[in-house]
Every structure is written in C-alpha cells, then in structure tokens.
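Just so you know, all these numbers are worked out from the coordinates, no wet-lab data involved. The shown structure was predicted, so the numbers you read here are calculated from the model rather than taken from an experiment. Virtual Cβ from ideal backbone geometry, glycine too; neighbours counted across all protein chains shown.
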Amino acid sequence: MLSLRGVHQVFPSARGDVPAVAGVDLEVRPGKALCLVGESGCGKTTTARMAAGLADPTAGSVLFRGRDITAMDKKERSGFRRAVQYIHQDPYASLNPVRTVYSTVSAGLRRHRMVADHREARRVTAELLERVDLTPAADFIDKYPHQMSGGQRQRVAIARALAMNPEVIIADESTSMLDVSIRVSLLNTLGRLRDDLGVGFLFITHDLAVAKYFAWEGEIAVMYLGKVVEHGPTPRVVNDPRHPYTRALISAVCEPDPDLARTKERIRLRSADIPDLTALPPGCDFHPRCPLYAPGECDTLRPPLVRGHDRLLACHVAGQG
Ligand code: SF4
C-alpha cells in the first residue's frame with residue numbers, strides 16, 4: 001500500500017553532507033504494523049517524514065498504491081494526505097493550544113467537506129472521541145489542550161488522524177512521552193484501529209518492548225546510521241535476533257522477571273560512541289562498536305542487506321537462520 005524504494009535523505013551541513021537515510025526499502029501493508037526501531041539519530045523520523053510526504057527523498061521513491069507521490073497531481077496529493085496520517089511524538093506541541101478538541105478534530109472534516117453542517121461535524125467528532133476512548137465525549141469535546149493530560153491529548157491527535165479515514169497511520173514515537181500504563185492503553189487503542197479498521201501502521205520507536213507489544217504479528221526493521229540492518233517478522237527478530245546491533249538493543253531492554261533477567265544475554269559493545277554521519281567508518285558502519293567484529297572483512301567491506309530464509313540481514317558474520 002505504502003512503499004519506500006531505496007530512499008535516501010542527505011542534509012547539507014557546514015561539516016559536509018549528512019546521509020541521514022541511505023537506501024531504505026520498506027512496505028506498509030493494510031491491517032499490519034511495521035515497526036522501525038533504533039537509537040536516536042538513526043534516521044527513523046526522517047524515514048517516517050518521507051513516507052508521509054512531509055519531505056521529498058534526495059533519491060529513491062515513495063509509492064502509494066503503486067504511484068510515486070512526487071508525480072501526483074494536486075487532487076491525487078490531497079487524497080494521499082488524507083489516506084496517510086502522521087501522529088507526532090509530542091502531544092503537548094502537536095495540538096493548537098487555542099483550539100478546542102472539537103475545532104481540532106473537525107478541522108479536516110470541514111476542510112474536505114466530509115460533513116454537511118456544524119451539527120454533523122459535532123456528531124462525527126463525538127463518535128471519533130468515543131472510538132479513541134475519550135468517553136463520554138461530551139466531557140472532552142469543548143476542552144482545550146491545557147485542560148487534558150498527555151495521554152488524553154495524544155488520543156485527540158489520534159482522533160484527528162482518524163477523521164480522515166486513513167489507510168495508513170505513521171506514528172512517530174507517539175507513546176514515548178507517556179507513562180507506562182497510559183502507553184499500554186494507547187497501544188491497545190491503536191491495535192484496535194489496526195485490527196478492526198484494517199489501518200496499516202508505520203510505527204517508529206526507540207523502544208523494542210513497545211515494538212514487541214504493538215507489532216507481534218507484524219514486522220520489525222532495525223535501523224542503524226540511516227540503514228536497515230535487520231528486518232523480519234517480529235517474533236523471529238525478538239526471539240532470535242541475529243545482527244549484533246539488534247542483539248545489543250534487545251539485551252538493553254529491562255526484563256521485569258528476575259529469573260529471566262539473570263539468564264538474559266548481555267551484549268557488551270566495544271564502544272558506546274556512535275560514529276559521526278559525516279565521517280562514517282570504512283566497511284560496516286557498526287564495526288567500531290561491534291562485539292563480533294572480524295578484522296580484514298568488517299572494516300573494509302560494507303555488508304549488503306541480504307534476504308535469508310526468514311529475514312533480511314546486513315552482517316558478514318552473523319549467520320542466517
Ligand atoms: Fe559486526 Fe562485522 Fe556484522 Fe558489522 S559486519 S555487524 S562489524 S560482525
């Protein structure tokens with residue numbers, strides 16, 4: 001439905017070009033979640049912004065239903081903007097503080113003439129609020145953002161996205177600023193939209209535990225310094241990570257069960273420092289930090305992302321399952 005084909009994004013800077021995203025291929029399917037995980041600065045948000053049409057790729061293409069979004073005319077582009085909705089990380093900044101919930105959620109409905117009049121706009125807005133568990137809707141519809149909690153604001157942002165009957169939702173760290181209990185509740189709400197309405201999700205997170213919870217029946221793509229290094233079905237990637245970077249990410253997830261925590265694999269990186277994007281090391285980008293680093297190969301040849309029998313993997317050493 002939404003495809004990224006070899007997308008690149010290079011930002012010019014005083015210190016040289018910054019290759020924030022370097023040749024990423026992804027596919028978002030109806031009713032499925034694709035989680036993009038990685039550390040801050042790995043290119044997740046830049047990739048998400050290109051997928052949403054908020055930034056044009058420097059190279060490569062973004063296709064929606066097989067059509068390159070940069071080649072779309074005004075009408076097609078408007079349809080794309082409605083079909084692909086973006087939910088930002090910060091529920092405090094993504095809502096206009098001087099607009100009520102009704103004004104925020106119904107703005108798109110009114111702009112695209114999806115409702116006949118004010119009465120219908122309020123009715124549809126109330127239905128959307130109920131759908132995202134802001135119940136009873138009458139308690140929220142005339143509130144301003146400052147009168148609500150972070151979790152409630154994020155639900156308003158989701159209701160605003162749902163108002164457009166989206167086919168794809170791009171959620172950029174949408175739960176990372178929320179308390180754990182609210183986060184789980186919001187993930188459950190998003191999961192219902194995915195399962196009941198068939199919305200496809202591109203879910204951006206630095207938290208593998210969140211990816212595991214939200215996309216267990218979907219896929220995880222792990223990004224490092226602008227490239228996907230491992231991509232496969234979530235249970236395979238989480239239960240049997242192959243790339244040393246994925247293994248390091250998983251070993252860093254807190255394990256609440258002390259017995260499991262004791263037996264969990266601990267990955268010690270050779271260095272905590274992330275290479276500068278303007279001066280990437282030769283060979284594998286991860287080699288200065290990688291515990292499996294093989295001199296002579298890892299520091300000279302860049303490993304391509306190769307399809308094995310159950311996943312895509314970019315590593316000279318880690319075996320394909
Ligand atoms: Fe580590 Fe070498 Fe694999 Fe890179 S290619 S992740 S340095 S083992």
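The fraction of all Cα pairs in region 120-248 landing in successive 10 Å bins from 0 to the largest distance is 11, 39, 30, 13, 5, 0, given as whole percents. Relative to the globular-protein estimate of 2.2 N^0.38 Å, the Cα radius of gyration of region 270-311 stands at 1.27. Helix 74-83 axis versus longest C-alpha principal axis of the chain: approximately 80°, rounded to the nearest ten.
A simple rule links phi to the HN-Hα coupling: the Karplus curve 6.51 cos²θ - 1.76 cosθ + 1.60 with θ = phi - 60°, which for region 37-46 gives 10, x, 6, 4, x, 7, x, 4, 5, 4 Hz, with x for Gly and Pro.
Binning all Cα-Cα separations of region 68-178 at 10 Å, short to long from zero, yields these whole-percent fractions: 15, 46, 31, 8, 0. Debye-formula intensities of region 86-147, expressed as log10 I(q)/I(0) at q = 0.21, 0.24 Å⁻¹, are -0.87, -1.10 (one equal scatterer per alpha-carbon, no solvent). Couplings 3J(HN,Hα) of region 168-174, computed from phi: 9, 10, 9, 9, 9, 6, 5 Hz, in residue order, whole Hz [Karplus 6.51 cos²θ - 1.76 cosθ + 1.60, θ = phi - 60°; x for Gly and Pro]. Ordered from longest to shortest, the equivalent ellipsoid semi-axes for region 139-196 are 18, 15, 10 Å, each the square root of 5 times a Cα gyration tensor eigenvalue. Modelled spin-label separation between R99 and H118, with each label point placed 7 Å from Cα along the Cα-to-Cβ direction: 1.8 nm.
The packing ranking, built from the mean of other Cβ atoms within 10 Å per residue, places the peptides 3-14, 279-290 in the order 279-290, 3-14, highest first. If Lys and Arg each add +1 and Asp and Glu each add -1, what is the summed charge of the other residues whose beta carbon sits under 11 Å from the beta carbon of V237? Every neighbour counted, the sum reads +1.
Checking the a/c ratio against 1.5 first, then a/b against b/c, what shape does the Cα gyration tensor give for region 44-95? In terms of gyration-tensor shape, oblate.
Largest first and in whole Å, the equivalent-ellipsoid semi-axes of region 1-155 read 33, 20, 14, each the square root of five times a Cα gyration tensor eigenvalue.
Distances between placed amide hydrogens fall under 5 Å for I170 paired with Q85, Y86, I87, L202, all partners being 5 or more residues away or on another chain. Nearest 10 degrees is fine. How inclined is helix 150-162 to the longest principal axis of the chain, computing both from alpha carbons? Its long axis makes an angle of about 80 degrees.
With the Cα gyration tensor of the chain in hand, convert its eigenvalues to equivalent ellipsoid semi-axes via √(5λ) and list them largest first in whole Å.
Values for the chain, descending: 37, 23, 17 Å.
Dividing the helix sum by the residues of the chain, where each DSSP H run of 4 or more adds -39500 (n - 2.57), gives a mean residue ellipticity at 222 nm of -9500 deg cm²/dmol.
Hey, with R₀ at 25 Å, roughly what FRET efficiency would D142 and M72 work out to, going by the Cβ-Cβ distance, to 0.05? Efficiency, from the Cβ-Cβ distance: 0.10. Remark: region 110-116, residue by residue, has Karplus-estimated 3J(HN,Hα) of 6, 5, 8, 6, 8, 10, 7 Hz, where x stands for each Gly or Pro and the curve is 6.51 cos²θ - 1.76 cosθ + 1.60 at θ = phi - 60°. For the charge dipole of the chain, defined by +1 on Lys and Arg C-beta atoms and -1 on Asp and Glu C-beta atoms about the Cα centroid, which residue among A171, H231, L63 has the Cα displaced farthest towards the positive pole? Toward the positive end, the furthest listed residue is L63. Its Cα centre serving as origin, region 1-146 has a Cβ charge dipole (Lys and Arg +1, Asp and Glu -1) of approximately 480 debye. Principal axis extents of the Cα atoms in region 116-168, from largest to smallest and rounded to whole angstrom, are 30, 28, 16.
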